[in-house]
Amino acid sequence: MLPARTVVRSRKHNTHTFNLLVAGHARSGKSSFVATLFETLEVRKLHFPQPPAPAAPASPGAAPGATDSLDRGSVRSVTAPPAGSLLDLQLLALVQHGGEPGVAEKPLPPGRCAVPTPSLAAIECDSPYDPRERLLLNLIDSPGLEVPLALFASPDSPAAEAAAQHAAAQYLAPLLRYIESQFEATLAEESKVRRNPRSPDFMTHACVYMLNPDVIIAAGGLSLVDRLVLAKLCTRVNVVPVLAKSDLLTVRQLRSVRALVAANLHDHAIPVYSFPDDDADADADDEGDEEPPVNLAALVPFRLVNSEVTDDDPDALPFTGLVVNGKKILGREYTWGVVDVENPDHCDFIELKNALFGSHLDDLKHKTRAALYEQWRTERLIDSQSRGPAARLSASKNRASYVTMREE
Ligand SMILES: Nc1nc2c(ncn2[C@@H]2O[C@H](COP(=O)(O)OP(=O)(O)OP(=O)(O)O)[C@@H](O)[C@H]2O)c(=O)[nH]1
Ligand SMILES: [Mg+2]
């Protein structure tokens, strides 16, 4: 079992906002991961943003380029029924939200999207790590990266390199626009004369990056497109690489593909999120703890399997999961057996979830603000200074406000 984090004890739950982006190869299971993850959460409430009133003027501090997802100022909350299934929850949400079941919104993002798309509702759930804490989750699905397999025939040719650069730039553009618009919104909030201490945390705290094993095998490791995408993405978000569809690999394939990716990340100095071993001391002192701590760094890239959506009963709606021996599990069924997503012997889903939403949540949020946001902000100010007096004025206002904030 993972060691408990230090928590501020109070009768009221601590609520941590966490914004998780899911990106990576096309058809690798990004949307399935979002749906599977959602099924494992103890959902308490769904917070649907209300559309802004049509006549309302734009707020003076509104960030240029900020997306609709930021307009969460007015929110309608929907409480989950006790031990409700996803279907119950969705139906309840639809009814309370005034929608028509079947045609109205669902809390999850759509399965396919042209730009990064957050879940329609912020998901308030129990921390899987500590029941005294709550999470306010935004799960952001995104379009897939098409890795041009034709490039692998002669990967070192100038033409292949140019094509890889082009594919990476095309893929990155909407992702970076999304992540940077959240930084922009944070900067706008910080720059207000009267800052809202309850301003939501817009920033993207982590990105689960899915790698399709067949693409890795065909390219003999991380392709140039992947390396370019990952290197750039890592400058803006904490990237956690995962090996998608690991149920399709044999034990030996899994071992070699995983080692290959880990070696490529190291050799090309791609700064993916490195899991700090901050629990080591606590564990050394804790002799009563029977299970050894999980070495998360050694699990990168995490082996991932998502649940199937099944519809065996013609009278029932399809649902994420399957029924085995009368019991609902999240998994995939084969002629030779069943992969259980939540069984750590089968894949690393639980370790990944515990790391993101539990043991490393604070560190991911801290790195986002202290390193990634600060880096973006510095670049943004230098850029606006080089663009002329008007931009310089706005940059210096930002800086002054930021210094004041630091000193407060
Ligand atoms: N074997 C296996 N198949 C999976 C897994 N996860 C998803 N799939 C299947 O892969 C296909 C694509 O899944 P999606 O979740 O739509 O993948 P995606 O990455 O969102 O796809 P795009 O949005 O089109 O890029 C579907 O047929 C899924 O059932 C997995 O863990 N193992
Ligand atoms: Mg999808």
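Bear in mind these aren't lab numbers, they're just calculated from the coordinates by the rules spelled out. Everything numeric in this text was worked out from a predicted model, so none of it was measured. Cβ atoms come from the backbone with ideal geometry, glycine included; neighbour counts cover every protein chain shown.
Remark: spin-label model distance HIS366-ALA218 equals 4.2 nm, labels positioned 7 Å along the Cα→Cβ axis. Annotation: amide H of GLU146 within the under-5 Å range of ALA26, sequence separation 5 or more or interchain, hydrogens built in the peptide plane.
Per-residue Karplus couplings for the range 211-220, computed as 6.51 cos²θ - 1.76 cosθ + 1.60 with θ equal to phi - 60°, are listed in order as 10, 6, x, 5, 5, 5, 5, 4, 8, x Hz, Gly and Pro entered as x. Check which residues have an amide H placed less than 5 Å from GLU42's amide H, if you skip close sequence neighbours. Under 5 Å from the amide H of GLU42: ASP126. Approximating the spin labels as points 7 Å out from Cα along Cα→Cβ, the LYS232-to-VAL115 distance works out to 1.7 nm. Coupling constants for the range 361-372 follow from the phi torsions by the Karplus curve (6.51 cos²θ - 1.76 cosθ + 1.60, θ = phi - 60°), and in residue order they are 4, 4, 5, 4, 5, 5, 5, 4, 7, 6, 10, 6 Hz; glycine and proline get x. Between ARG27 and GLU146, full extension at 0.36 nm per residue minus the direct alpha carbon distance yields a gain of 41.9 nm. Using 0.36 nm per residue and subtracting the Cα-Cα separation, the extra length available between ASN196 and SER256 on full extension is 16.6 nm.
Here the 3J(HN,Hα) profile of the range 260-276, calculated from phi with Karplus coefficients 6.51, -1.76 and 1.60 at θ = phi - 60°, is 4, 5, 4, 5, 4, 4, 5, 5, 8, 6, 7, x, 5, 4, 9, 6, x Hz, Gly and Pro shown as x. For the pair ALA173 and GLU374, label points projected 7 Å from Cα toward Cβ lie 3.3 nm apart.
Zone of ALA298 (label point 7 Å along Cα→Cβ, backbone N under 20 Å): which residues in the range 333-352? Correct set: 343-352.
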